[in-house]
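The values are calculated or read from the model by the stated rules, or taken from the named source; none is laboratory data. Given the structure is predicted, the values throughout are model-derived calculations rather than measurements. Note: ideal-geometry Cβ built from the backbone for every residue, glycine included; neighbour counts use all protein chains shown. Areas reflect the complete protein model, heavy atoms only, side chains present, ligands, DNA and RNA absent. Shrake-Rupley method; radii C 1.70, N 1.55, O 1.52, S 1.80 Å.
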Amino acid sequence: MRDIIIIGSGPAGFTAAIYAARAELKPLLIASSVEIGGELMNTTEVENYPGFPEGIMGPDLMAKFQAQAERFGTEVVYDDVVELEVEGPVKRVKLGNGGVEEARAIIYATGSAYRKLGLPEEEVLSGHGLSWCATCDGFFFRQKTIAVVGGGDSAMEEATFLTRFADKVYIIHRRDTLKASKIMQQRAFDNEKIEFIWNAEVTAIHGDTQVNGVTLRDTETGDVRALDLDGLFVAIGNDPRTHLVHGKLELTPEGTIAVEGRSTRTSVEGVFAAGDVIDPTYRQAITAAGTGATAALDAEHYLAALGNENAAEAVLETEFAVVD
């Protein structure tokens with residue numbers, strides 16, 4: 001029986017592991033067999049994470065997270081969680097290899113996944129002019145021409161933010177009306193750097209090692225044309241990875257895991273959540289790491305209280321034991 005199991009290997013998961021390991025809880029971190037390190041593994045240079053004034057490559061940053069967690073005694077398993085049992089004092093985690101791990105507490109930090117366009121070039125050009133995060137990568141596009149794909153609030157917000165850096169920002173939308181709120185639409189309409197391309201979808205992304213343009217197809221006429229660009233931002237939404245806890249933990253209307261106030265306590269005692277899986281708004285490495293630390297502290301307090309309860313029960317059993 002373990003004290004704590006952490007599910008997820010992004011900034012939240014590894015930060016939780018660092019804190020839990022330093023508290024001598026001997027955490028087991030299940031890192032996944034495929035997507036170890038979270039979304040930062042698809043990021044080239046990270047310039048906004050504190051402590052790295054010269055910037056650091058996303059995979060290198062995650063390697064440092066892992067090394068620090070392992071230094072304090074975190075055990076890392078490269079496998080996938082296929083099923084969770086969270087009710088009751090003993091939590092059970094079933095792995096893809098058929099094994100089952102048990103713990104008194106779980107920290108769920110599986111993150112979220114940006115929705116993609118479904119184009120083969122996305123895998124090659126991610127981090128090379130193709131991005132899903134304006135606040136992460138906008139700085140690299142000073143005085144450039146870029147485009148944002150999407151029609152919701154997030155697309156309007158990303159496009160407006162990117163005008164701080166780029167000379168020209170196109171918004172590409174497959175319809176002739178936006179889903180964004182009126183105030184977000186108006187901000188985009190009023191920005192002289194933004195130009196809308198209506199009734200268009202991206203069918204190909206150009207560039208061998210760096211984005212240099214896209215192919216657009218008119219959704220009404222079927223006409224095809226090329227658009228030269230220095231960068232492309234995809235803002236068509238993201239999905240928190242909560243499939244393992246559907247029907248087991250309470251979710252918010254946005255689909256993230258519901259937690260109590262500023263804590264990381266979920267609707268089930270002994271289960272904590274951290275990172276993008278509880279954050280529909282910021283989705284930054286630094287904010288995810290912060291909630292990872294909070295989750296470990298919440299779990300430590302929970303386990304300490306649990307230990308005190310067990311100790312009190314043991315004392316009572318001893319005091320009222322019947323001696324033959």
### Query
When only C-alpha pairs under 8 Å and at least 6 residues apart count, what is the relative contact order of the range 106-210, in percent?
28
### Query
What does the helix-only formula give at 222 nm for the chain: each DSSP H stretch with n ≥ 4 adding -39500 (n - 2.57), the total divided by the residues, and the result rounded to the nearest 500 deg cm²/dmol?
-8500 deg cm²/dmol
### Message
About the Cα centre, and with charges only on the beta carbon of Lys, Arg (+1) and Asp, Glu (-1), how big is the dipole of the chain? Nearest 20 debye, please.
### Response
700
### Query
Roughly how tilted is helix 11-22, in degrees to the nearest 10 and between 0 and 90, from the longest Cα axis of the chain?
20
### Query
Projected area of the range 74-203, taken from the Cα convex hull and averaged over every viewing direction, in nm²?
12.0
### Message
Restricting to DSSP loop positions (anything but H, G, I, E, B) with no more than 15 other Cβ atoms inside 10 Å of their own Cβ, which GluC sites (Glu not before Pro) remain in the range 47-142?
### Response
Glu47, Glu54, Glu87
#### Entry: Label-point separation in nm, Lys168 to Glu24, each point 7 Å along Cα→Cβ
6.4
### Task
Determine the relative contact order of the chain: mean sequence separation of Cα pairs under 8 Å and six or more apart, normalised by residue count, in whole percent.
20
### Peptide ranges 229-237, 104-112 listed from the most packed, as the mean C-beta count within 10 angstrom indicates
104-112, 229-237
### Task
Find the accessible area per residue for the chain; the probe is 1.4 Å, ligands and nucleic acids are left out, and the unit is Å².
50
### Summary
In degrees, nearest 10, the alpha-carbon axis of helix 153-162 is tilted away from the dominant principal axis of the alpha carbons of the chain by 70
## Note on the structure
Dipole check, the chain, charges on Cβ (K,R +1; D,E -1), about Cα centroid: among Leu303, Gly270, Thr15 the Cα furthest to the positive pole belongs to Thr15
### Query
What residue among Arg283, Arg175, Arg262 has the largest mean-square fluctuation in a Gaussian network model of the chain, using Cα springs under 10 Å?
Arg262
### Ala63-Arg115 FRET efficiency (beta carbon distance; Förster radius 35 Å; 0.05 resolution)
0.80
### Summary
Among Pro240, Val90, Leu117, the residue whose Cα sits farthest towards the positive end of the charge dipole of the chain, when +1 is placed on the Cβ of each Lys and Arg and -1 on the Cβ of each Asp and Glu, is Leu117
### Query
Carbon-plus-sulfur fraction of the accessible area of the chain, 1.4 Å probe, in percent?
49
### Query
Where nothing but the Cβ of Lys and Arg (+1) and of Asp and Glu (-1) is charged, how large is the charge dipole of the range 1-127 around its Cα centre, in debye to the nearest 20?
460
### Message
Give the lysines whose C-alpha is closer than 27 Å to that of Lys116, dropping any in the same chain fewer than 8 places away, or say none.
### Response
Lys144, Lys168, Lys179, Lys182, Lys193
### Message
Need the list of aspartates and glutamates near Lys91 for cross-linking: C-alpha distance under 14 angstrom, and skip anything on the same chain fewer than eight residues off.
### Response
Asp3, Glu83, Glu101, Glu102, Glu269
### Message
Below 9 angstrom from the Cβ of Thr256, what's the summed charge of the other residues (Lys, Arg +1; Asp, Glu -1)?
### Response
-3
### Message
Could you work out the relative contact order of the range 17-166? I mean the mean sequence separation of Cα pairs under 8 Å and 6+ apart, divided by the number of residues, in percent.
### Response
18
